[in-house]
Amino acid sequence: MLEVKISELAEQMKSGKSKNERIQAALDLGSIKAKEAVDVLVEQLLVEEDEVVREAIVTSLIKIGDEYVANRAAGLLESEDAYVRNAGVEILSIIGEPAIEILQKMINHPDRDVRILAVNALGESHIRETIRYLRRVIMEDDDENVVASAIEYLSELGFEKEDKEVVMKAAKRFSSPFFQYTVKSAIEKMADL
Amino acid sequence: MTAEEFIKLRDFIYRKTGIYFEERKKYYVESRVEDRIKATGHDNFRSYFTWLRFDVTGKELQELINALTVNETYFFREYYQLKCFAEEILPEIVEKKSSIRVWSAGCSTGEEPYTLAIIMEEMLEGISGVTWEVHATDINTEVIEKAEVGLYSQRSVRLVPEEYKMRYFVAKGEFYEIVPEVKKKVKFYQLNLMDATAMRKMSGFDVIFCRNVLIYFDDASRRQVALYFYEALTEGGYIFLGHSESMSRITPIFKLRRFKNAFVYQK
């Protein structure tokens, strides 16, 4: 019964008579907490060209917001399409806790652009472990852009002396003016630690 | 609150809501944050901010935003937006159609929808064949009841031009009551902006005013409401948000249109 409903809504979302009907179907799929609903939403997001239907799909994925969504959203970070990548970041950061395990993996992804997106998702999230992961990225990642992103977030989130020390130590890791400026700004923000 | 703590909090609020507090507002922010620190049982900013930052429910952010945003409502609030509506948007709509529908979403005690009704009465009076209506909704039934009564303090009507005050209000002691001709043009009803079934009944609106309402929603709900508004608007319809709110931060589905008097989002 549920499968029928999902496939009906999926069909409406793909080829509904009007745009409103397609938007409504995408939003209605967000009320069904089932893997099959997540799959049809993600598959459609990858091919969807209408901006509003895309937004409805992202909204629904956030609404379902479980670990399965997090895993599928992590895959979006590797997309060639900037909208899809950003949607992945947004979904992962907003759903929070269910995304923690996959984000932990994504900060070790071989592609540095994906790692930056994972850091963005962590930094924007409400996940408590964020600080620990940001520190690890700052100390261990070998790409200065990834480390700089993590420093920016840690300067906002860090309230421990140790956070500031991690940033100060990182200053020695890369010498480019961009990186040094990022470190300087972060330390200024953390002046009272 | 130290200067660094203020910057951390300010940046966080800005990223989450688009509301930006300048340095000169530090004292204002500080006093309200202190109230929230006490109310939540924390004893310092650091512990409060950490808790706020990692609050999954987003409830405390909402409470803080409530405390930081003045909830006061009054007639002819944010005049430049109303001027834009009256002098730029309404004439554009009238050129295309003869029946105009406007929605005040989150109307509170009625000051906004009655202001819109007064403006429409003034601007559309004498244009033959044009009909219009204002729908006004709020989740809170108590404010709807007050709005239907239409009785306002001097403070509420302080920005109403004297000429309009004479024409559209009746003085009742210390209060002012909206005249029945305007009252009957505004349809008040309770509505939850997150209720999918109810929201889908809202359609065919040319303009939606939803000012200083979406700041109280979390990210996911705000996106959802924006999509419902999209469905409720006619093609090319407009949406007004509060001056410190940004639809572009919620969703890219509306175009930002620059008028002489204000920026407005368009479907």
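The values are calculated or read from the model by the stated rules, or taken from the named source; none is laboratory data. In this text, all values refer to a predicted model and were calculated from it rather than measured experimentally. Please note: Cβ atoms are built from the backbone with ideal geometry, for glycine as well, and neighbour counts cover all protein chains shown. Heads up: the accessible areas ignore ligands, DNA and RNA and are worked out on the full protein's heavy atoms, side chains in. Shrake-Rupley method; radii C 1.70, N 1.55, O 1.52, S 1.80 Å.
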It is to be established whether one or more residues within the range B:198-210 are open to solvent by 20 Å² or more (accessible area, probe 1.4 Å) and within 30 Å of A:H126 (Cα to Cα). no
Do we find a residue being of a type in the set (V, I, T), touching a Gly at 6+ places or on another chain (Cβ under 7 Å) and either closer than 18 Å to A:E55 by Cα or open to solvent by less than 10 Å² (accessible area, probe 1.4 Å) (or both) anywhere in the range B:229-243? no
Considering (1) touching a residue at least 24 places away in the same chain (Cβ under 8 Å); (2) surrounded by fewer than 19 Cβ atoms within 10 Å (Cβ to Cβ), say which one B:I89 fails and leave the rest. (2)
Within the set of pairs 6 or more residues apart or between chains, which connect a residue that is under 12 Å from A:V58 (Cα atoms) inside the range A:33-47 to a residue that is of a type in the set (D, E) and open to solvent by 10 Å² or more (accessible area, probe 1.4 Å) with Cβ atoms less than 6 Å apart? none
Within the bounds of the range A:129-145, is there any residue that is modelled with pLDDT under 95, on the phi > 0 side of the Ramachandran plot and part of a loop (DSSP other than H, G, I, E, B)? no
Where the second residue is among the hydroxyl-bearing types (S, T, Y) and open to solvent by 30 Å² or more (accessible area, probe 1.4 Å) and the first is under 14 Å from B:L214 (Cβ atoms) and more than 14 Å from chain A (Cβ to nearest Cβ) and lies in the range B:241-259, which pairs have Cβ atoms under 8 Å and are six or more apart or on separate chains? B:S244/B:Y20
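Can you tell me which residue among A:I116, A:I151, A:I95, A:I131 is among the β-branched types (V, I, T), within 12 Å of chain B (Cβ to nearest Cβ) and under 25 Å from A:Q180 (Cα atoms)? Break it down into steps so the answer makes sense when it comes.
Values: A:I116 fails: within 12 Å of chain B (Cβ to nearest Cβ); A:I151 fails: within 12 Å of chain B (Cβ to nearest Cβ); A:I95 fails: under 25 Å from A:Q180 (Cα atoms).
Exactly one residue qualifies, and that residue is A:I131.
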Residue in the range B:97-140 that is surrounded by the fewest Cβ atoms within 10 Å (Cβ to Cβ), counting only those that are free of Cβ contacts under 8 Å to residues at least 24 places away in the same chain and of a type outside the set (S, T, N, Q): B:G126
Would you be able to say whether some residue in the range B:194-201 is more than 14 Å from every other protein chain (Cβ to nearest Cβ), among the polar types (S, T, N, Q) and under 29 Å from A:S93 (Cα atoms)? no
Scanning the range B:4-56 for residues that are within 14 Å of chain A (Cβ to nearest Cβ) and either in contact with a strand residue (DSSP E or B) (Cβ under 6 Å, 6 or more places away or on another chain) or of a type in the set (S, T, N, Q) (or both), which turns out nearest to A:A186 (Cα to Cα)? B:T50
Give all pairs with beta carbons closer than 9 Å in which a residue from the range B:53-64 that is in the same structural domain as B:V33 (by TED's automatic domain parsing) and closer than 11 Å to B:F217 by Cα meets a residue that is at pLDDT below 80 and open to solvent by 80 Å² or more (accessible area, probe 1.4 Å); count only pairs at least 6 apart in sequence or on separate chains. none
Those residues of the range A:20-44 which are surrounded by 15 or more Cβ atoms within 10 Å (Cβ to Cβ), within 12 Å of another protein chain (Cβ to nearest Cβ) and not hydrophobic (A, V, I, L, M, F, W, C) amount to A:N20, A:R22, A:Q24, A:D28, A:G30
The listed residue being acidic (D, E) and closer than 30 Å to B:W132 by Cβ, out of B:E78, B:E63: B:E78
Mind listing whichever residues of the range A:49-77 are more than 13 Å from chain B (Cβ to nearest Cβ) and either in a helix (DSSP H, G or I) or more than 23 Å from A:S125 (Cα to Cα) (or both)? A:E49, A:E67, A:Y68, A:A70, A:N71, A:R72, A:A73, A:A74, A:G75, A:L76
